[in-house]
Structure formats: structure tokens, C-alpha cells
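Okay, structure first, notes after.
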Amino acid sequence: MGILPDHEILKEMRLGRLGISDFSDRSLTPNGYDLRIAEIAVDGETHRFGTVIVPPGTMFHVSTIENVSFPNDICGQLWLRTTWLRRGIMAGFGKIDAGFNGTLTLAAYNISKEAVELPIGGRFAQMCFERLSSPAEFTYERRSGNYQGQRGVTLESLKQ
């Protein structure tokens, strides 16, 4: 149990148990992986290229470049990179359940009094991996799976 260090993340990937598509060595940290921005939805518009300006006092959503897949005995934690906290971005993230597969949609808010520029392709959130004390009996896709297989900013459940 505990958080996986860099070498264990790489080992789990080599074994095919943990998946991170479009893996970047630059994004690997001592105890996690920095997820990069694929697209940003702000003020009803989705941006996939360049730099996006988020006005002050505005909520926005980010989708990750990386598609992640988790085995039945590893879950993930998400943390906003402190670079963005220092610029006035706040976010509330949850856990990534064992068995999840897809890109991630992350919600954030610019609480600063200034516009903040977010580059498509830039690192946005750190994902840490935790080993469960035993494998989950019913993984994400069997418990709810509401966003299993999502691609891009997804605000509505994929399950009807």
C-alpha cells in the first residue's frame, strides 16, 4: 500500500497493468505524473489549440491529453500543480477509481482579479497512484462507469 514512486509507475506500465497514453518523460515526477491539457472549455467555447485566456471569476473545464487506465488494485489522486495555484486557479478534484479508463475532465476556477493564460499542451494537474490494500471486487466500470471511456471535456454522464 502507499503512493507509487516513479520507478513503480514505470514498472506497472511495462507490465501493462497501468496505462498512460501519450506518455511524456518530462511529466513523470518522483511520486506521480503531470497530466497535460488537451482542450479547455470556457464560456461555452471549447479550445484545442494555442493559449486560452480565462477571465477573472470564471469557471472552466480541462480535458487531458493522456488517456489513463487503472487496474483493479490501483487508484489515483489528483492535485492541481502549484504553478496554477500561485496564479489564482483553484480546482476541486476527486479520486480516479480502480478500473477507470479514459481521459479526465477537470473543473477549475480563476479566482484571481486578472485573466490567466493556459497553454494547450501545458502540464495542469499531478496524478498520484495509490495501491489498494486488496483488489477492488467491483471496479469503476461495474460500480457506475458513468464516464468510462470518455474523450475530451465531458460534462454529462455517458450512461443514460
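The values are calculated or read from the model by the stated rules, or taken from the named source; none is laboratory data. Everything numeric here is computed off the predicted structure, so don't read it as measured data. Heads up, the Cβs are rebuilt from the backbone with ideal geometry, glycines too, and the neighbour counts pull from every protein chain shown.
When the range 66-92 is examined, which residues are found to be among the β-branched types (Val, Ile, Thr) and surrounded by 18 or more Cβ atoms within 10 Å (Cβ to Cβ)?
Val68, Ile74, Ile89
Could you please find all residues in the range 98-115 being assigned to a strand (DSSP E or B), of a type in the set (A, V, I, L, M, F, W, C) and surrounded by fewer than 19 Cβ atoms within 10 Å (Cβ to Cβ)?
Ala107, the sole residue that qualifies.
Among the listed residues Gly44, Gly32, Gly16, Gly50, identify the single one that is in contact (Cβ under 8 Å) with a residue 60 or more places away in the chain and out of contact with any Phe, Trp or Tyr (no Cβ under 8 Å at 6 or more places or on another chain).
Gly50
Has the range 58-71 got at least one residue that is over 19 Å from the mean Cα position of the chain (by Cα), at pLDDT 95 or above and more than 23 Å from Glu8 (Cβ to Cβ)?
The answer is yes; a qualifying residue exists.
Scan the range 44-80 residue by residue and report those that are closer than 22 Å to Leu132 by Cβ and of a type in the set (A, V, I, L, M, F, W, C).
Val68, Phe70, Ile74, Cys75, Leu78, Trp79
Within the set of pairs 6+ apart or on separate chains, which have a first residue in the range 95-115 that is within 14 Å of Trp84 (Cβ to Cβ) and in contact (Cβ under 8 Å) with a residue 24 or more places away in the chain, a second that is among the hydroxyl-bearing types (Ser, Thr, Tyr) and assigned to a strand (DSSP E or B), and C-beta atoms under 9 Å apart?
Leu106/Ser63; Leu106/Thr64; Tyr109/Thr58; Asn110/Thr58; Ala115/Thr58
Please count how many residues of the range 116-127 are more than 18 Å from Phe23 (Cα to Cα) and surrounded by 15 or more Cβ atoms within 10 Å (Cβ to Cβ).
2
Here is a check on your reading of the model: is Lys95 touching a strand residue (DSSP E or B) at 6+ places or on another chain (Cβ under 7 Å), closer than 30 Å to Leu132 by Cα, surrounded by fewer than 20 Cβ atoms within 10 Å (Cβ to Cβ) and basic (Lys, Arg)?
So Lys95 fits the description; yes.
Filter the range 105-154 for residues that are out of contact with any Cys (no Cβ under 9 Å at 6 or more places or on another chain) and among the acidic types (Asp, Glu); which is modelled with the lowest pLDDT?
Here the residue is Glu141.
Check Pro55, Pro30 and return the single one that is out of contact with any strand residue (DSSP E or B) (no Cβ under 8 Å at 6 or more places or on another chain), farther than 11 Å from Gly122 by Cβ and either surrounded by 15 or more Cβ atoms within 10 Å (Cβ to Cβ) or not charged (D, E, K, R) (or both).
Testing whether each residue is out of contact with any strand residue (DSSP E or B) (no Cβ under 8 Å at 6 or more places or on another chain), farther than 11 Å from Gly122 by Cβ and either surrounded by 15 or more Cβ atoms within 10 Å (Cβ to Cβ) or not charged (D, E, K, R) (or both) leaves just Pro30.
Hey, does the range 86-94 have a residue that's modelled with pLDDT under 95 and closer than 23 Å to Pro5 by Cβ?
So far as the range 86-94 goes, yes, one or more of its residues are modelled with pLDDT under 95 and closer than 23 Å to Pro5 by Cβ.
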